[in-house]
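We did not get these values from a lab; they are worked out from the coordinates using the rules stated. Just so it is clear, the model here is predicted, and its values are computed rather than measured. Here Cβ is always computed from backbone atoms with ideal geometry, including for glycine, and neighbour counts include all displayed protein chains.
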Amino acid sequence: MPWRRLAITLAIIAPILALLAYGFTRDSRYIVSPLIAKPATPFTITLYDGHKLTLDDLRGKAVFVNFWASWCLPCREEARDLETAWQKVKDKNMVFLGVALQDTDKNSLEFLKEFNVTYPNGKDESGKIAVDYGTWGIPESFFIDPQGRITYKHVGGIRAALVISKLEEAAKGVVSAQEGKGDYSAIR
């Protein structure tokens, strides 16, 4: 009888362990977002300067939303490029918003200072914004058109030229056929 219990236990546990093992080998950069061409989920975020910002406040502008953390290596690698892109488009009808995840205020503020980030940033205190946007890891970036529709998603680090290009497309309401993927991968 003990072998029978063991066999039943293994028959139940083995598929669960196999499924978990498979899931840990998947790279979040290959999970397609169902949000492209759909209205962006409204949110309210408190910026590090104390002001509150809602997605509705940005209606009528092309919006770049970047989810990041100070401890994230690809976030650190893209930080200067994002600031460069911001400096090139800040006088146009375009907005940048950084959303810090799973980070302390102190570390986030040090990160912003280290990379001389001047565009608005705030912390997703509860993680609800990230969940609503279906983020699986960081960095992840979303482009939103003036009507509030997600036009492009990029998983992983992103460069200034691509940010500017996708923001210009978003400003025109152009929806990308596929998502972008950065080079960095923590899973091999």
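Of 112, 180, 163, whose Cα points farthest to the positive end of the dipole of the chain (charges on the beta-carbon: +1 Lys, Arg; -1 Asp, Glu; origin at the Cα centre)?
Value computed over the given set: 180.
With springs only between Cα atoms under 10 Å apart, run a GNM on the chain and tell me which of 120, 139, 42 wobbles the most.
Maximum fluctuation in the GNM of the chain, among the listed residues, is at 42.
What number, in nm² with one decimal, is the all-direction average of the projected area of the convex hull of the alpha-carbon atoms of region 72-150?
Answer in nm², one decimal: 5.5.
Past the 16 angstrom mark, what percentage of all C-alpha to C-alpha distances in region 34-95 do you count?
That fraction is 60 percent.
What dipole magnitude, in Debye to the nearest 20, does the chain give about its Cα centre under +1 on Lys/Arg Cβ and -1 on Asp/Glu Cβ?
I would put it at about 580 debye.
Report, in order of residue number, the helices in the chain meeting two criteria: a C-alpha extent of 27 Å or more along the helix axis, and a mean Kyte-Doolittle hydropathy of at least 0.0; treat each whole DSSP H run as one helix.
Those that pass (Cα extent of 27 Å or more, hydropathy at least 0.0) are 2-24.
How large is the Kirkwood hydrodynamic radius of the chain, counting all unique pairs of alpha carbons, in Å?
The Cα-based Kirkwood calculation yields 17.7 Å.
Taking the chain as a Gaussian network, where each spring joins two C-alpha atoms under 10 Å apart, which residue of 131, 175, 117 fluctuates the most?
Result: 131 has the largest fluctuation of those listed.
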